[in-house]
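Some notes on the structure that comes next.
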Amino acid sequence: MRRSPSVSRWRGARQMWWWSALISTVLMLAAADPAAAVATPVKVRDRNGVNELQPSMSEDGFVWAQGAKSFVKPENDPKVRLNPAGTASFFPAIDDSTVVYNVFKNDDSNLKMYDTETGERSSPPDGVNTNRFEEEQSVSGDWLLFTRVGHRRLRVVLFNLDTGEQRILENLRNKTHYLVTDQVNGDWATYEQCDADRDTLSNCQVYRYRISTRDVARMPNPDRQQYAGGVTKDGTVYLVSTGGSDQWECGAGATLVRQPVSGSRQVIATLPDGIDTFNTFAFEESDGSVSLLFDRIECNTGASGIYEVEDADTA
């Protein structure tokens, strides 16, 4: 059965924000993280009347969602629409020349693959797609991270594309929880979860998983709502921290935060009141610096564009 935005709660807002006005009022909360922001996000893609969001990139290309379509822009070639006509697609992911995107059609969501070098399209190995929804994917090397959504359970799945190994990192009831994957990068993966009561989300936390040791850690949280965790190959997490301890509210003092494996958190940028982001992606440049991509959402209109914090590792 097709999940409506009201049933899927925040997931519906993230996937089809432009289809439904889910939030009509933004509460301006006074809670704030310590430390001053020093970085100013810069525009990557933000055209009037076009909703562009859910960015991911590699040395070989850039991917994003636009409306209900997914695109890849190889480094030296025109952009390519990934999903066929008559389908919807969200959350494209890329690592080197490998793109993973989802195709939604006839109340089903499966993952597909695209090679930017050859233009070849293919299905992932057996065991990835099921009769449930596979979505919110991220890929790094042989590891594919995604969310599997059933009628009763939400699962964070880490799948090895070479060996077929599958790990369930988290498994929660969808009636009482929000659970979604964020990013896999090298030896690390991130995901987020909230407590859900009807359309209210609270206790939103970001978790970091180390693939080699199977250790999982919740990111330090000063009584705020935290979500959208990107991660670099050294395990540094970049996340969104917003609102107060009671519940999540869109655009309630959102800040972008850097949390290393060892050491204290640091606010690297702030977003204006009424502005939020549901997705971050940490990209390591060839010079070793980190560019933090994110989608910038206007809470009252749903308009969205793609921005980045340059040198996020030192901001």
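Shown is the FRET efficiency for T163 and K105, computed with R0 = 22 Å from the Cβ-Cβ distance and rounded to the nearest 0.05: 0.15.
Could you look at the chain and say what percent of its accessible area is carbon and sulfur, using a 1.4 Å probe and all protein chains? About 44 percent, which is the carbon plus sulfur part of the accessible surface.
In order along the stretch 132-141, phi translates into HN-Hα couplings of 9, 8, 10, 6, 6, 8, 8, 9, 8, x Hz, rounded to whole numbers, per the Karplus curve 6.51 cos²θ - 1.76 cosθ + 1.60 with θ = phi - 60° and x for Gly and Pro. Placing pseudo-labels 7 Å out from each Cα toward the beta carbon at E117 and T200 gives an inter-label distance of 5.3 nm. Our helix-only sum for the chain, with -39,500 (n - 2.57) per DSSP H run of n ≥ 4 divided by its residues, gives a mean residue ellipticity at 222 nm of -500 deg cm²/dmol. Each peptide in 39-50, 302-313 gets a packing score, the mean of other Cβ atoms within 10 Å over its residues, and the list from highest to lowest is 302-313, 39-50. For A85 and S262, FRET efficiency with R0 = 45 Å and r from the beta-carbon atoms, rounded to 0.05? With a Förster radius of 45 Å, E is 0.35. For D182, nonlocal amide neighbours, meaning residues 5 or more places apart or on other chains whose placed amide H falls under 5 Å from its own, are T190, Y191, E192. Do the alpha carbons of any pairs in K175/K233; K69/K175; K112/K233; K112/K175; K105/K233 sit beyond 31 Å of each other, and which pairs? From K175/K233; K69/K175; K112/K233; K112/K175; K105/K233, over 31 Å: K175/K233; K105/K233. Across the stretch 223-230, coupling constants 3J(HN,Hα) worked out from phi with the 6.51/-1.76/1.60 Karplus curve, θ = phi - 60°, read 6, 10, 8, 10, 6, 6, x, x Hz, and Gly and Pro carry x.
Among T213, T232, T176, which one shows the highest mean-square fluctuation when the chain is modelled as a Gaussian network with alpha-carbon springs under 10 Å? For the chain, modelled as a Gaussian network with Cα springs under 10 Å, the answer is T213. Among the trypsin sites (Lys or Arg not before Pro) found in the stretch 210-270, those both in a DSSP coil and sparsely packed, with 10 or fewer other Cβ atoms within 10 Å of their Cβ, are R214.
The simple spin-label model puts a point 7 Å past each Cα toward its Cβ; for R152 and N171 those points are separated by 1.2 nm.
Our coupling estimate for the stretch 123-129, obtained by passing each phi through the Karplus curve with A = 6.51, B = -1.76, C = 1.60 and θ = phi - 60°, is 9, x, x, 4, x, 7, 8 Hz, Gly and Pro reported as x.
The Cα center of the stretch 109-163 and the Cα center of the stretch 249-315 differ in position by 25 Å. Model label points for D96 and D223, set 7 angstrom from Cα along the Cα-to-Cβ axis, are 4.8 nm apart. Applying 1/(1 + (r/R0)^6) with R0 = 25 Å to the Cβ-Cβ distance of N76 and N48 gives a FRET efficiency near 0.35.
The values are calculated or read from the model by the stated rules, or taken from the named source; none is laboratory data. Not measured: the values here are computed from a predicted model. Glycine also receives a Cβ, built like all others from the backbone with ideal geometry; neighbour counts cover every protein chain displayed. The protein model used for the area step is the full one, side chains on, heavy atoms only, and it has no ligands, DNA or RNA in it. Shrake-Rupley method; radii C 1.70, N 1.55, O 1.52, S 1.80 Å.
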